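Every number in this text was worked out from the coordinates using simple rules, so none of it is lab data. Bear in mind the structure is a predicted one, so any value in this text is a computation, not a measurement. Here Cβ is always computed from backbone atoms with ideal geometry, including for glycine, and neighbour counts include all displayed protein chains.
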Amino acid sequence: MNLFSEMRALVLRQLAAMTEAGELPAGLSFDNVTVEPPRDRAHGDMATNAAMVLARPAGKKPRDIAGVLADRLAADAQVARAEVAGPGFLNLTLAPGVWAELTGAILSAPDYGRPKEVEAQKINVEFVSTNPTGPLHVGHTRGAVFGDALAALLEYAGHDVTREYYINDGGAQVDVLARSVYERYREALGQAPEIVEGLYPGDYLVPVGQALADAVGDKWLDQPEEVWLAELREFATDAMMRLIRADLAALGIEMDVFFSEKSLYDTGRIEAAIEALREKGLIYKGVLEPPKGKMPDDWEPREQTLFRSTAHGDDVDRPIMKSDGSWTYFAPDIAYHFDKISRGFDALIDVFGADHGGYVKRMKAAVSALSDGRVPLDIKLTQLVRLFKNGEPFKMSKRAGNFVTLRDVVDQVGPDVTRFVMLTRKNDAPLDFDFAKVLEQSRDNPVFYVQYAHARIRSVSRKAAALGITPGAPAVEDPAEIQLARKLAEWPRIVEIAARNHEPHRVAFYLYELAGEFHALWNKGNDNPAL
């Protein structure tokens, strides 16, 4: 039961009746008519913008349309009162019986809120995708939680979702990782490691070096790099990915696909993707104008192979091959998304850190070009997480070896708290993570506030079961009961909007508000046993 959809359908029926009666001109579109919660709940249970959006095309004043519509709606048994407000908004107060019917429907529908009629899509959600050079840190945690929560939301909304991790194992950073592990390998065999500038100094590589020594003995000791680099790249990457998989599991995240960047180089898929763009006339040789501001890594003051990304909404064309014949960073990303398109996904979602903002337009242009505009790509950027230590913020650096890991956070506050807190801000807003506050038992801590509501609900259920009471459709009459029912009525709408806009934080916000209404009813019940 979606009460907002039902009331919108009622409004549309009355608008159709007004058209038939000559009170509105024929041919009007009702697509932009909405029924929503009022901004001020003192104004009623729901509000519609029907008169406001129809006034201009109908050639009438908004209040005139609203007045006629109000009279028609007030005659319906579900509506207790319909009032025109302001320039022509229409506020609706529903009949008490509607709330009793709603709560009864919720009790009999374990999947209340799940969309019944949805055009299911095959959606790929790629998230985390950090370089396999160390454990996940707290910054990765936010993207991991956001991506997994979004995937779960889309699944709940009826879509076929693939959770995917792109392993960046094709670049120079994996060479750096291999050299760093080699020094820990030397250390495991009794030599002093030489952790020079540019290597990864973290102690997390010590057991990897020991594992390598156990596996190969001293056969690589004092050998030149060309002897061991290729094999050690693979060994070190596998070790890091086991670590990353364990970090994700600690947060309750299980990926469906781990996709290797290196495989794109090894199988010729980069060449295939670029050839697909070439066949569309989107690859050419040229010299780009010097960029303004910060100089990007892929700009050269000489002829390069370029992707005509401006034909698909980008600001400038992008290099995909350097003058020396090597691929730019962008080329394998194009190939990776071409592979996703080839796998038959209807929609793609990438979750990037905020530092990848400059990549959005070029990546969308590539997907648009390769799919002929058929497959939409939504790129969600997650802003920084700011931690506080001794009252002062501190920075994280993987190369410095002093970063706060995902596991540090989860071990201290638990996975559930970590996940919820990461969703208490919209993804594009910075988030402050206060280790003390997230463990407080107060209303100021949204995690505790929601968990406490759940605990109270469970206690009521246990007590009812012990007394042999079977929940049934209650009479919803007290204002506190009506407020709770109002909030429950919003759940299907929240699911619909959050899934459509790819905004899982809306669910966390809603749960906090729902918990507030439940606690208000609980507290009122302390003075009124009937509640």
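Axis angle, to the nearest 10 degrees, between helix 269-279 and the longest C-alpha principal axis of the chain: 70 degrees. Shape class of the range 269-369 from the Cα gyration tensor (axes a ≥ b ≥ c, square roots of the eigenvalues): oblate, since a/c reaches 1.5 or more and a/b does not exceed b/c. This ranking places MET321, MET241, MET7 by how few other beta-carbon atoms lie within 10 Å of each, fewest first, which gives MET241, MET321, MET7. Counting neighbouring Cβ atoms within 10 Å and putting the fewest first, the residues GLU275, GLU226 line up as GLU226, GLU275. Charge dipole of the range 179-325 (Cα centre as origin; +1 on each Lys and Arg Cβ, -1 on each Asp and Glu Cβ, all else neutral): 420 debye, rounded to the nearest 20. Amide H contacts of ALA85 (H built 1.01 Å from N, in plane; Pro and chain starts excluded): LEU90, ASN91 sit under 5 Å, all sequence-distant by 5 or more or on other chains. Between the amide H of TYR166 and those of PHE127, SER129, PHE259, distances stay under 5 Å, these residues lying 5 or more places away or on another chain, with hydrogens modeled in the peptide plane.
Considering only LEU92, VAL216, THR162, and ranking their Cα positions along the charge dipole of the chain that arises from unit charges at the beta-carbon of Lys, Arg, Asp and Glu, the one farthest toward the positive end is LEU92.
Coupling constants for the range 301-307 follow from the phi torsions by the Karplus curve (6.51 cos²θ - 1.76 cosθ + 1.60, θ = phi - 60°), and in residue order they are x, 8, 5, 9, 8, 10, 9 Hz; glycine and proline get x. Taking the number of Cβ atoms within 10 Å of each Cβ as an exposure proxy, the fewest-first ranking of SER29, SER5 is SER29, SER5.
3J(HN,Hα) couplings calculated from phi for the range 40-56 with the Karplus curve 6.51 cos²θ - 1.76 cosθ + 1.60 (θ = phi - 60°) are, in sequence order, 10, 5, 5, 8, x, 8, 8, 9, 10, 9, 3, 5, 5, 7, 9, 4, 5 Hz; Gly and Pro show x.
Taking the Cα centre of the range 267-382 as origin, work out the dipole magnitude from +1 charges on Lys and Arg Cβ and -1 charges on Asp and Glu Cβ, in debye rounded to 20. Magnitude of the dipole: close to 140 debye.
The 3J(HN,Hα) values that the Karplus relation (6.51, -1.76, 1.60; θ = phi - 60°) gives for the range 343-355 are, in residue order, 7, x, 6, 7, 8, 10, 10, 10, 10, 10, x, 4, 6 Hz. Gly and Pro appear as x. Close amide H contacts of ARG386 (hydrogens built in the peptide plane, cut-off under 5 Å, sequence separation of 5 or more or a different chain): LEU431, ASP432, PHE433.
Straight-distance candidates among the aspartates and glutamates for linking to LYS122, with alpha-carbon spacing under 12 Å and chain neighbours fewer than 8 residues away dropped: GLU155, ASP160, ASP346. Can you pick out the pairs among LYS292/LYS426; LYS262/LYS322; LYS426/LYS487; LYS116/LYS361 whose Cα atoms lie more than 23 Å from each other? Too far apart for the 23 Å limit: LYS292/LYS426; LYS116/LYS361. Using Cβ point charges alone (K and R +1, D and E -1), the dipole size of the chain about the Cα centre works out to roughly 1380 debye. Taking other residues whose beta carbon is less than 9 angstrom from the beta carbon of LEU92, and scoring Lys, Arg as +1 and Asp, Glu as -1, yields -1.
Computing percent of Cα pairs over 45 Å apart for the structure here picks out one of (1) 31; (2) 14; (3) 11, namely (1).
Estimated from helices alone, the mean residue ellipticity of the chain at 222 nm is -15000 deg cm²/dmol (sum of -39500 (n - 2.57) over DSSP H runs with n ≥ 4, per residue).
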